[in-house]
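Right, one structure below, let's go through it.
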Amino acid sequence: MTDDAAGPPAAVGNHVSGAVSGPVVQAGHIGHLHLRPDAPVALAGLPPSEPAFTGRARDLATLAQALTSPRPVLVTAVAGVAGVGKTTLAVRAASRFAGGVLFIDLRGYSANPVQPAEALSVFLHALGVPGEHVPPDAAARANLYRSVLAGRAEPVLVLADNASSADQVRPLLPGGGAHRVLITSREVLGELSAHQVRVDVLPPAEAEELIRAAVRTRNPDRVLDGPVAELARLCGHLPLALGIVAALLAEDADLSVPDLVGLVATATNRLDELAYAGNYAVRAAFELSYQRLGGAERRMFRLLSLNPGARTSAEAAAALVGEPVGRAKRLLAGLKRAHMVEPVGPGRVRFHDLLRIFAEECLARDEPDPRAAFDRLLDHYVTATRRATPRWIEVERSNLVAAVELADDDRAVDLALAIGRTFAPQERWDDWESTYRAAVAAARRRERTADEGTLLNRLAMLVLEQRRFTEARELCDRAMAAHRTVGNRHGVAVTWNNLGDLALDRHDFGEAEHHYTAAEALFRELGDSHWQAIVLNHLGTLQAWRRDLDGARDLFRHAMLLYRSLGEERGGARALTNLGNVALQTGDLAEARSSSLRALATFRALGDRLGAAKVLVNLGIVHERARMPDKAREYWAEARDVFRGFGDLESASHVERWLAELDRQR
């Protein structure tokens, strides 16, 4: 202020009333007055919304609903994948907020994350607080920030993007009122008691449309032809990866969709191809998340890639890291919170496809002794399979099948033998056939002749179930030769039984009786009641084919008594099924129905769909003969569908003919 008047100042009187905001000047004569203008308010600082934004209607609706609550809303990623589109979704949701928006990228996974004091300074300036009024102390800044927000009538949405910890966000939470908070993070941040809105990868159709929309935005003249859906699948439907391939296609008119599919499809270089303009890369996003993990979590993450199947149990993870199961569960919980793996049922996790490739890269780069970890995993599967239930083996099928293929010869044989002791395949015969063939070859290389014979017998049973008779006979002959070479009488008896099954399926009843009788006598001599019951059941089936129904009934009852004494429900259900069949052939429909329903209940309880299908055939016949065609159709239709599912097209065609006959009789 400058006063140019000469002489003594005149008396001045000022009267101020009402609300006063801003500077108040008291002076006599003013020549020049320079006042600092009010600090601007910046409550529209959102980054531009993605022009190719696609889908996410349900997620946007969920966010809109969540933002009506005073609780902070945490946008996180269920698949654990950096690049799932959290920021894009949050910005789109924030653009619809009826009020002002404070936005900050906290850079939580970078080398220099934004500290709370810095973020508070940014927000205070955006709220119109002059720089000289911003306290140097972080706590004082937080108090002023909440006070300024409390004085605002208009609601404000605080969007804290890319937070890596609750501590980074907590000072930014308003004290109350109508203000709202939206946080994006790769962590769960459970300490904030936030409303979790979990964002998954895009559905296939939306992922494909995102590629097309992003290409149109960058290059309206580019028309995409070819397998765009396959390209989206190879990107794991991950928005970051989808945006990268769209940028590559938009920029290079000579790059076709089929060509890019070919480049991305090679797993060893898929992450190399999913990069654009240097820093726009899937691998770089994953690396930031990986480096944020603790050392033990990083080791667990990379070792999980050694598990050959898609899903890994806590027990298998413990074997990989060589730690107790409780410790392994805690490490897996850390990876789930960081969204580096996702839960798939109690105690199991899996990778997103691209994260698995990244984990394999980390394994090759950072793990000094991956073979030792893999050997521990194989030993776990052998030990666990030896004491497992059939249901457990079905759940672990993909892991066990792949483990036999990848294991050293001795462990491959041990694992296949353990599977065979517990489990008779009811489906996915191709998987189990490859398992046994790999194990047979391994046993031969290791000169484990007795085990080779056992595995050949199991392979023969599997092939015979698929009615490949010539191949089954060749496998039985090889098994018999192996057992006789080492003097394995039990193995010889099992092979006799398999040869009896083969002869029975070919309706060579004389040869079937010869083999079954030899097998039953030898099992009885060896004291093996389990196998004796199996052969008695087969002999009963033979007698039923010969129309000796009284003899068949006696054999089935003998077999069922042995099964009950052993506590073997599945075998007992098979004998009961056969007794129902005998009753059906004698015209006792009530007994046939009763026996069949009891057997069906057991098979269903055991999850034995193929056993249940065979009972359903009998129940259909019972109800057709009882002039209940609708019920017969219901049983037969279910049986036909099961047979088709197992690849038993011959049985399915038989049932289909009966169904067609029912339709003609309407």
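So that you can scan it fast, the table gives a plain yes or no per residue for (1) in the same structural domain as residue 576 (by TED's automatic domain parsing); (2) touching a strand residue (DSSP E or B) at 6+ places or on another chain (Cβ under 7 Å); (3) in contact (Cβ under 8 Å) with a residue 12 or more places away in the chain; (4) outside any helix (DSSP H, G or I):
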| position | (1), (2), (3), (4) |
| --- | --- |
| 510 | no, no, no, no |
| 516 | no, no, yes, no |
| 522 | no, no, yes, no |
| 533 | yes, no, yes, no |
| 540 | yes, no, yes, no |
| 544 | yes, no, yes, no |
| 552 | yes, no, yes, no |
- Query: In region 179-203, how many are surrounded by fewer than 15 Cβ atoms within 10 Å (Cβ to Cβ) and more than 25 Å from the chain's Cα centre (by Cα)?
  - Reply: 2
- Task: Kindly check whether there is at least one residue in region 285-295 that is of a type in the set (Lys, Arg) and within 22 Å of the chain's Cα centre (by Cα).
- Result: no
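From the list 106, 127, 46, 63, which residue is within 26 Å of the chain's Cα centre (by Cα) and under 19 Å from residue 174 (Cβ atoms)?
63
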- Query: Yes or no: residue 121 surrounded by fewer than 18 Cβ atoms within 10 Å (Cβ to Cβ) and of a type in the set (S, T, N, Q)?
  - Reply: no
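Would you mind stating whether residue 650 is in a helix (DSSP H, G or I) and farther than 24 Å from residue 569 by Cβ? Can you show your working first?
Values: in a helix (DSSP H, G or I): yes; farther than 24 Å from residue 569 by Cβ: yes.
Judged against the criteria, residue 650 is a match.
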- Candidates 228, 181 - the one that is in contact with a Pro (Cβ under 6 Å, 6 or more places away or on another chain) and not charged (D, E, K, R): 181
- residue 441 versus (1) in contact with a helix residue (DSSP H, G or I) (Cβ under 7 Å, 6 or more places away or on another chain); (2) modelled with pLDDT of 95 or more: which is the lone unmet condition? (1)
- Query: Could we say that residue 486 is within 18 Å of residue 432 (Cβ to Cβ) and out of contact with any Lys or Arg (no Cβ under 9 Å at 6 or more places or on another chain) here?
  - Reply: no
- Quick check: anything in region 290-307 within 30 Å of residue 55 (Cα to Cα) and in a helix (DSSP H, G or I)? yes
- Residue that is surrounded by the fewest Cβ atoms within 10 Å (Cβ to Cβ) [pool: residues in region 346-382 that are without any contact (Cβ under 8 Å) to a residue 24 or more places away in the chain and not in a helix (DSSP H, G or I)]: 368
- Among helices (runs of 4 or more DSSP H) entirely within region 157-248, at least 1 residues that are more than 22 Å from residue 138 (Cα to Cα) and not basic (Lys, Arg) occur in 204-218, 228-234
- Task: Of the conditions (1) at pLDDT 85 or above; (2) touching a strand residue (DSSP E or B) at 6+ places or on another chain (Cβ under 8 Å), residue 69 clears all except one; give me its number.
- Result: (1)
- Query: What are the pairs, 6+ residues apart or on separate chains, where a residue within region 162-173 that is closer than 16 Å to residue 110 by Cβ has its Cβ under 9 Å from a residue that is part of a loop (DSSP other than H, G, I, E, B) and of a type in the set (Phe, Trp, Tyr)?
  - Reply: 162/109; 164/109
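Determine, yes or no, whether residue 262 is part of a helix (DSSP H, G or I) and farther than 24 Å from residue 88 by Cα.
Working: part of a helix (DSSP H, G or I): yes; farther than 24 Å from residue 88 by Cα: yes.
Judged against the criteria, residue 262 is a match.
For residue 184, are the conditions met, namely being of a type in the set (Val, Ile, Thr) and touching a residue at least 40 places away in the same chain (Cβ under 8 Å)?
On the way: of a type in the set (Val, Ile, Thr): yes; touching a residue at least 40 places away in the same chain (Cβ under 8 Å): yes.
When the stated conditions are applied, residue 184 passes them.
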- Query: Quick check: is even one residue across region 268-281 surrounded by fewer than 17 Cβ atoms within 10 Å (Cβ to Cβ), modelled with pLDDT of 85 or more and either of a type in the set (S, T, N, Q) or in the same structural domain as residue 364 (by TED's automatic domain parsing) (or both)?
  - Reply: no
- Of everything in region 453-462 that's of a type outside the set (S, T, N, Q) and crowded, with 23+ Cβ neighbours inside 10 Å, which residue is farthest from residue 645 (Cα to Cα)? 453
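The values are calculated or read from the model by the stated rules, or taken from the named source; none is laboratory data. Please read these numbers as outputs of a predicted model, since none were measured by experiment. Cβ: placed from backbone, ideal geometry, glycine included. Neighbour counts: every protein chain shown.
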